[in-house]
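To keep things clear, I will list the structure first and then write my remarks on it.
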Amino acid sequence: MNKSKLKLENAVIKYGENIVINGVSLNVSGGEIIFITGANGSGKSTLTRGMAGLLPLSAGKLTRTERMSYVPQIEEADRDFPACVREIVMTGTQRKRKLFYSRYDTERAENSMRELQIENLAGCELKTLSGGQLRRVFLARALCGEPELLLLDEPCAGLDAESHKILFGVLEKKLSEGCAVIMVTHDDSDLEGIKNSRVIKISEGKIL
Amino acid sequence: MSEILEILSYPFVIRALVAGSLISVCASVLGVILVLKHYSLIGHGLSEIGFASLSAASALNLSALAVSTPSVIAASFVIMFVSQKYKTAGDIAIAVASSAALAFGIIISSITGSVSNTGAYLFGSVLAVSQSDLIFSVALSFAVMLIFIIFYNRIFLITYNEDYARSLGINTAFYQFVISVLTALVVVSGMRITGTLLISGVIILPAVTAKNFASRFKTLIIISGVISFVAFTAGLIVSFIFNIPAGAGVILSNTAILIAAKILKFIKN
């Protein structure tokens, strides 16, 4: 339950010569939620992308579970793709050396959509979704991979109250099952009332 | 009708029709990925690099395919890598590489006195389709089809969001390499029929047209392939009837289908 799911030691991430993350260390255990806050440009998303393995560390060490699911920020291009919700959620079950979907994968996708209350959107095209619905689709995709660690980059941005409640309901359930969560947020209200949580504030690439 | 039947009685026409339509269908299928990933200009860049390598091969008296195939594959990989890593720099890289390659090709042709070949390279020729080209096009189509069937889920994921695929631990560079090689092979084999100036249209236009009708990735691939086949066949037959270059006929028929699709969509909406 409390086994470490991610350990970051003195991580440095650079864009060219520019140091964006400077000596950040972090240890996250199962059942624990870490909120990463900070001003725009402080390095929150870069740190998250580094932990997701999308940016190389210039120095330091990252150790984490392989069962990690990443929920990126939404971009305009995410809607301009010929696919329905179910197809996108199913991609969350893909892993190394696994080319075809099984019946179990389909069941997991259906369960994830049910948990996020988007099962009625399963056949809808992406371009018809609102921002809040698309965020729930991305979270359902992440849950499909049965993660031990969830990395969420501003999942609450633009969410209505209903979607916000659904999202935190699902997160609390995952936490109780031993999943670790790291979540970038701008909104202080996200931090209230969540058990086993820590807040770290980033400024100029360092933890304050 | 009798005119069409007479045209189809020539073996070289049948060769051009079979090889060309197979290559154009492959091109259109790959074009779906390139259009969705906003790499539409890659085909244009590669074809002009192909022109430079054909000119160099002619000047050095070497086999055209032996020189152009590795050159275009290498260029394809570099352009895709730069496009992915530096986003906007990708367009700049294509513009620089294609204009420099075109200039290089023209200078080589001019110095070696092989300017007469330049027209054939730029505008293509159906007479250039040999028996070995036919075999190559069948093998290439088979390879593209097999790769799309086996790796469909991966291709779907990587085309939608490469970052997300990488976060799942998937080796996206491998798939990018495969797509680069296939695109380069399509360009090298197709540019001798349609010409280096027009092959990028064969890659991109069917996918752009199909986007007007398809709401799923799989449907987009199928519609794009069908449009490409119809446009190539119609373009080739029209080019024989009106004695115009085949490449131009194919591109014009693709453009006509695109305009018709836009009008249909406009009326429907």
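Of all residues in the range A:1-33, those satisfying the criterion of being in a strand (DSSP E or B), surrounded by fewer than 19 Cβ atoms within 10 Å (Cβ to Cβ) and hydrophobic (A, V, I, L, M, F, W, C) are A:Val12, A:Ile19, A:Leu26.
Touching a residue at least 12 places away in the same chain (Cβ under 8 Å) and in contact with a Pro (Cβ under 9 Å, 6 or more places away or on another chain): is that true of A:Leu167 in this structure? It is true that A:Leu167 is touching a residue at least 12 places away in the same chain (Cβ under 8 Å) and in contact with a Pro (Cβ under 9 Å, 6 or more places away or on another chain). Restricting the search to the range A:73-89, which residues are in contact with a Cys (Cβ under 8 Å, 6 or more places away or on another chain) and at the interface with chain B (Cβ under 8 Å from one of its Cβ atoms)? Within the range A:73-89, just A:Cys84 meets the criteria.
For the range B:200-228, the set of residues classified as in contact (Cβ under 8 Å) with a residue 60 or more places away in the chain and surrounded by fewer than 16 Cβ atoms within 10 Å (Cβ to Cβ) consists of B:Lys218 only. Among the residues in the range B:147-156, are any in a helix (DSSP H, G or I), farther than 16 Å from A:Pro72 by Cβ, in contact (Cβ under 8 Å) with a residue 40 or more places away in the chain and within 10 Å of chain A (Cβ to nearest Cβ)? Yes, the range B:147-156 contains at least one residue that is in a helix (DSSP H, G or I), farther than 16 Å from A:Pro72 by Cβ, in contact (Cβ under 8 Å) with a residue 40 or more places away in the chain and within 10 Å of chain A (Cβ to nearest Cβ). What tally of residues in the range B:3-19 results from selecting those that are more than 20 Å from the chain's Cα centre (by Cα) and among the charged types (D, E, K, R)? Count: 2. Only one of B:Ala89, B:Ala139, B:Ala103, B:Ala95 is out of contact with any Cys (no Cβ under 7 Å at 6 or more places or on another chain), modelled with pLDDT under 90, more than 14 Å from chain A (Cβ to nearest Cβ) and not in a loop (DSSP other than H, G, I, E, B). Can you tell me which? Being out of contact with any Cys (no Cβ under 7 Å at 6 or more places or on another chain), modelled with pLDDT under 90, more than 14 Å from chain A (Cβ to nearest Cβ) and not in a loop (DSSP other than H, G, I, E, B) holds for just one of B:Ala89, B:Ala139, B:Ala103, B:Ala95, which is B:Ala95.
Only one entry of B:Ile92, B:Ile108 meets the criterion of being free of Cβ contacts under 8 Å to residues at least 60 places away in the same chain and surrounded by 19 or more Cβ atoms within 10 Å (Cβ to Cβ), and that entry is B:Ile108. Within this structure, B:Leu102 fails the test of being in contact with a Phe, Trp or Tyr (Cβ under 7 Å, 6 or more places away or on another chain), surrounded by fewer than 18 Cβ atoms within 10 Å (Cβ to Cβ) and either more than 30 Å from A:Glu87 (Cβ to Cβ) or of a type in the set (D, E, K, R) (or both).
Just to check your reading of the model, which residue among A:Arg103, A:Arg97, A:Arg108, A:Arg67 is without any contact (Cβ under 8 Å) to a residue 60 or more places away in the chain, on the phi < 0 side of the Ramachandran plot, surrounded by fewer than 20 Cβ atoms within 10 Å (Cβ to Cβ) and more than 9 Å from chain B (Cβ to nearest Cβ)? First the steps, then the outcome.
Details: A:Arg97 fails: on the phi < 0 side of the Ramachandran plot; A:Arg108 fails: surrounded by fewer than 20 Cβ atoms within 10 Å (Cβ to Cβ); A:Arg67 fails: without any contact (Cβ under 8 Å) to a residue 60 or more places away in the chain.
Residue meeting the stated conditions: A:Arg103.
When B:Thr159, B:Thr183 are checked against the criterion of being within 11 Å of chain A (Cβ to nearest Cβ) and outside any loop (DSSP other than H, G, I, E, B), a single residue qualifies: B:Thr159. Quick check, is A:Gly169 at pLDDT 90 or above, outside any helix (DSSP H, G or I) and among the small types (Gly, Ala, Ser)? In short, no. Scanning the range A:172-203 for residues that are surrounded by 13 or more Cβ atoms within 10 Å (Cβ to Cβ), at pLDDT below 90 and in a loop (DSSP other than H, G, I, E, B) turns up A:Thr185, A:His186, A:Asp187, A:Ile194, A:Asn196.
Checking the structure you have, find out if any residue of the range B:204-224 is basic (Lys, Arg), closer than 30 Å to A:Val71 by Cβ and more than 8 Å from every other protein chain (Cβ to nearest Cβ). Outline the logic, then answer.
Within the range B:204-224, the first condition is being basic (Lys, Arg), and the residues that meet it are B:211, B:216, B:218.
After this cut, where a residue has to be closer than 30 Å to A:Val71 by Cβ as well, the list is B:211, B:216, B:218.
Then keep just the ones that are more than 8 Å from every other protein chain (Cβ to nearest Cβ); that gives B:218.
The answer is yes; a qualifying residue exists.
Of all residues in the range B:111-139, those satisfying the criterion of being farther than 21 Å from B:Tyr10 by Cβ and surrounded by fewer than 20 Cβ atoms within 10 Å (Cβ to Cβ) are B:Ile111, B:Thr112, B:Gly113, B:Ser114, B:Val115, B:Ser116, B:Asn117, B:Thr118, B:Gly119, B:Ala139. Looking at B:Phe51, is it in contact (Cβ under 8 Å) with a residue 12 or more places away in the chain and either surrounded by fewer than 18 Cβ atoms within 10 Å (Cβ to Cβ) or assigned to a loop (DSSP other than H, G, I, E, B) (or both)? No; evaluated as a whole, the condition is false for this residue. Of all residues in the range A:99-132, how many are touching an Asp or Glu at 6+ places or on another chain (Cβ under 9 Å), more than 14 Å from A:Ala142 (Cβ to Cβ) and either at pLDDT below 90 or charged (D, E, K, R) (or both)? Here the count works out to 5.
Going by the structure shown, is B:Ala173 more than 18 Å from B:Gly20 (Cα to Cα), within 14 Å of chain A (Cβ to nearest Cβ) and in contact with a Ser or Thr (Cβ under 7 Å, 6 or more places away or on another chain)?
The answer is no for B:Ala173.
The values are calculated or read from the model by the stated rules, or taken from the named source; none is laboratory data. In this text the structure is predicted, and so the values were computed from the model without any measurement. Quick reminder, even Gly has a Cβ in these numbers, built from the backbone with ideal geometry, and neighbours come from all protein chains shown.
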